[in-house]
Each structure stands twice: as structure tokens, then as C-alpha cells.
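Student: The structure that follows is given in the form of C-alpha cells.
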Amino acid sequence: MGGVKVADLERLARAVIEGEAATVKQLVEQALSEGLAADTILQEGLLKGLGVVGEKFGKQEMFLPEVMMSAKAMQAGLELLRPHLEAGQSGAGLRGKVVLGTVEGDIHDIGKNLVAMMLTANGFQVIDLGVNVKPEDFVLACQEHQPQFVGMSALLNTTMPAMARTITALEAAGLRNGGLQVMVGGAPVTPEFASRIGADIYADDALEAVRLLRKAVGW
Ligand code: B1M
């Protein structure tokens with residue numbers, strides 16, 4: 001632990017910004033082997049880097065191909081952290097079942113994957129439908145798996161209405177009468193929007209998602 005330097009995490013953030021997947025992997029492995037907590041590597045390295053990417057993208061200082069490289073580098077790092085973030089859990093699925101996906105028209109999945117990882121780490125069974133999930137596919141998955149929760153992620157203003165359409169489809173299929181609770185999240189989603197569309201739970205980040213679902217199942 002003592003050997004881990006802030007400079008290494010700064011290098012890691014820089015490697016994400018520069019889209020250097022190989023360097024990201026190497027620095028994550030190094031940080032893990034030096035005993036740094038996976039959560040610190042995630043927050044202070046990977047997510048810090050991606051945050052800068054988001055700012056630069058917004059200001060048109062970075063462009064789509066570069067952002068894609070950064071996202072790939074981020075995912076490479078996240079995969080190495082996955083076993084550590086999910087470690088130490090027995091009885092996976094005991095706490096409840098969650099059908100999860102990024103809504104129709106939206107292919108952002110880093111936040112959704114983090115939510116999936118943190119829920120899995122906390123004993124929930126996650127059925128991950130991936131990205132660009134149509135309302136009818138959420139419905140089919142809920143009919144098949146009978147989860148207590150369905151979680152939707154959206155990162156674009158233009159795809160937020162797909163959350164409302166999905167809730168309407170779940171209602172039309174009679175699924176919400178059975179107590180299925182809807183959780184929504186993603187950078188542009190607000191608590192006000194969540195309540196306006198009839199979602200039961202709004203979570204600001206992955207840890208909050210875990211906290212709220214644990215509360216909902218009484219654990
Ligand atoms: Co895009 N993108 N992107 N992008 N991208 C954003 C979101 C944007 C804010 C960038 C910007 O302009 N500054 C902007 C959206 C503007 C808006 O509408 N509000 C944007 C745009 C415009 C686009 C395109 C339209 C660009 C184009 O084509 N011209 C395009 C859309 C493609 C599509 O989806 N149809 C596009 C494409 C892409 C890439 C493919 C290059 C890549 C995604 C790769 C991937 O995901 N595999 C990408 C990326 C990486 C970003 C930024 C830079 C980073 C997003 C991210 O992963 N953040 C992003 C800028 C930014 O967010 N600052 C941006 C890290 C992640 C951990 O955070 O997903 O918010 P987040 O998740 C958080 C919480 O929100 C929460 O928990 C997580 C943290 O613990 N959470 C939930 C998320 N889902 C939840 C669900 C829950 C609960 C909590 O319950 C179910």
C-alpha cells in the first residue's frame with residue numbers, strides 16, 4: 001500500500017484520457033499488486049480520467065474516435081477490477097433479482113456495467129440485457145425472469161423518453177401490478193424526471209443503487 005503513489009493514479013487517469021488500453025491494464029495490475037483498493041483505483045484513476053474525457057468532449061476538445069478509445073481503455077481497466085469489486089460474496093442472487101439494461105437508442109454502458117458489478121458484489125442476481133434495449137425486450141425479460149426490480153440506464157437527453165416508454169410497456173403487460181419496481185439512473189436523469197415518469201427508485205450512482213435496492217428488500 002505504501003508503495004502506491006498518487007502519481008500512479010494520475011498516470012492511470014492520463015492513460016484513460018489518451019485511450020491507451022495497454023497502459024491502463026499495466027497500471028491497474030500494478031496498483032492491485034501493490035495492494036491498492038479496487039474502489040480507489042476506480043474512483044481516483046479510471047473515473048477521474050473518463051470525467052476529463054467527458055468535459056473535453058463537451059467542449060469539442062476531444063472527438064468521437066478518441067472518446068471511443070478512452071471508453072475501451074476504461075473497459076479494459078474495469079474488467080481487471082471486476083473480480084476484486086465482486087469478491088468475497090457468497091450466496092449471489094440471494095438478495096433479489098434485477099433485470100438491467102441501457103434503454104433503446106443508447107449505447108453507453110460503462111455506468112450500467114458498474115451498477116451491475118456493484119449489485120452483483122452485494123448479492124443481487126443481475127440479468128444484464130446490454131445496450132439499446134427496446135421496451136418490449138425489457139418486458140420479455142421481466143416475464144421470463146420475474147425479477148423484483150428492473151433497472152434502466154440512459155446517458156442521452158434524447159433517450160430518456162425511452163425510459164417512460166418502457167414503463168408504459170411494463171404497465172401494459174401487467175407487470176407492475178405484481179410489485180415489479182423500476183429503478184432509473186444515468187447522468188442526465190434527475191429525481192424529478194424519475195418521479196414524473198413513474199419510476200419507483202432514482203439512483204445517482206452505483207453505490208446509491210445498491211443502497212436503495214438493499215433498503216427495498218429490507219437487508
Ligand atoms: Co457519449 N455522450 N455519445 N459516448 N459520452 C456523453 C453522455 C455526453 C454527456 C458527452 C458530452 O457531450 N459532454 C453526451 C450526451 C449529451 C446529452 O444528451 N446529455 C454524449 C453524446 C452526445 C454522444 C453521442 C450522441 C455522440 C455522437 O455520436 N455525436 C453518441 C451517442 C451514441 C448512442 O448512444 N446512440 C455517443 C457515443 C459515445 C461513445 C460510444 C464514444 C462512448 C460510450 C462507450 C460505452 O459506454 N461503451 C461515449 C462516452 C464514453 C461518453 C462520456 C465521455 C462518458 C460516459 C461514461 O461512461 N461515464 C459522456 C460524458 C460524461 O458523462 N461526462 C458522454 C462514466 C460512467 C461511470 O458514468 O454512465 O453517468 P455514468 O454512470 C454513473 C451514474 O450516472 C449512475 O451510476 C454510474 C456511476 O456509478 N448510473 C446509474 C448510470 N446508469 C444507472 C442506472 C441505474 C442507477 C444508476 O439504475 C438502473
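The values are calculated or read from the model by the stated rules, or taken from the named source; none is laboratory data. A quick note: this is a predicted structure, and the numbers were derived from the prediction, not measured. Cβ atoms come from the backbone with ideal geometry, glycine included; neighbour counts cover every protein chain shown.
Student: Which residue, of 194, 206, 162, 154, is modelled with pLDDT under 95 and either of a type in the set (Val, Ile, Thr) or under 19 Å from residue 111 (Cβ atoms) (or both)?
Tutor: 206
Student: Shifting gears a bit: Look through 96, 123 and report the one residue that is within 22 Å of residue 79 (Cβ to Cβ) and of a type outside the set (Ser, Thr, Tyr). Steps first, please.
Tutor: Working: 96 fails: within 22 Å of residue 79 (Cβ to Cβ).
Every option except 123 fails the conditions.
Student: For residue 182, indicate whether it is within 17 Å of residue 97 (Cα to Cα), modelled with pLDDT of 95 or more and not charged (D, E, K, R).
Tutor: Details: within 17 Å of residue 97 (Cα to Cα): yes; modelled with pLDDT of 95 or more: yes; not charged (D, E, K, R): yes.
Answer is yes for this residue.
Student: Checking the conditions here, which among 192, 208 is surrounded by fewer than 17 Cβ atoms within 10 Å (Cβ to Cβ) and farther than 23 Å from residue 47 by Cα?
Tutor: Working: 208 fails: farther than 23 Å from residue 47 by Cα.
Every option except 192 fails the conditions.
Student: Related question: Residue 145 passes all but one of (1) closer than 30 Å to residue 54 by Cα; (2) surrounded by fewer than 18 Cβ atoms within 10 Å (Cβ to Cβ); which number fails?
Tutor: Going through the list (1) closer than 30 Å to residue 54 by Cα; (2) surrounded by fewer than 18 Cβ atoms within 10 Å (Cβ to Cβ), residue 145 breaks only (1).
Student: Would you point out which residue out of 64, 46, 85, 100 is within 16 Å of the chain's Cα centre (by Cα), within 14 Å of the ligand (Cβ to nearest atom) and over 30 Å from residue 218 (Cβ atoms)?
Tutor: Among 64, 46, 85, 100, only 46 is within 16 Å of the chain's Cα centre (by Cα), within 14 Å of the ligand (Cβ to nearest atom) and over 30 Å from residue 218 (Cβ atoms).
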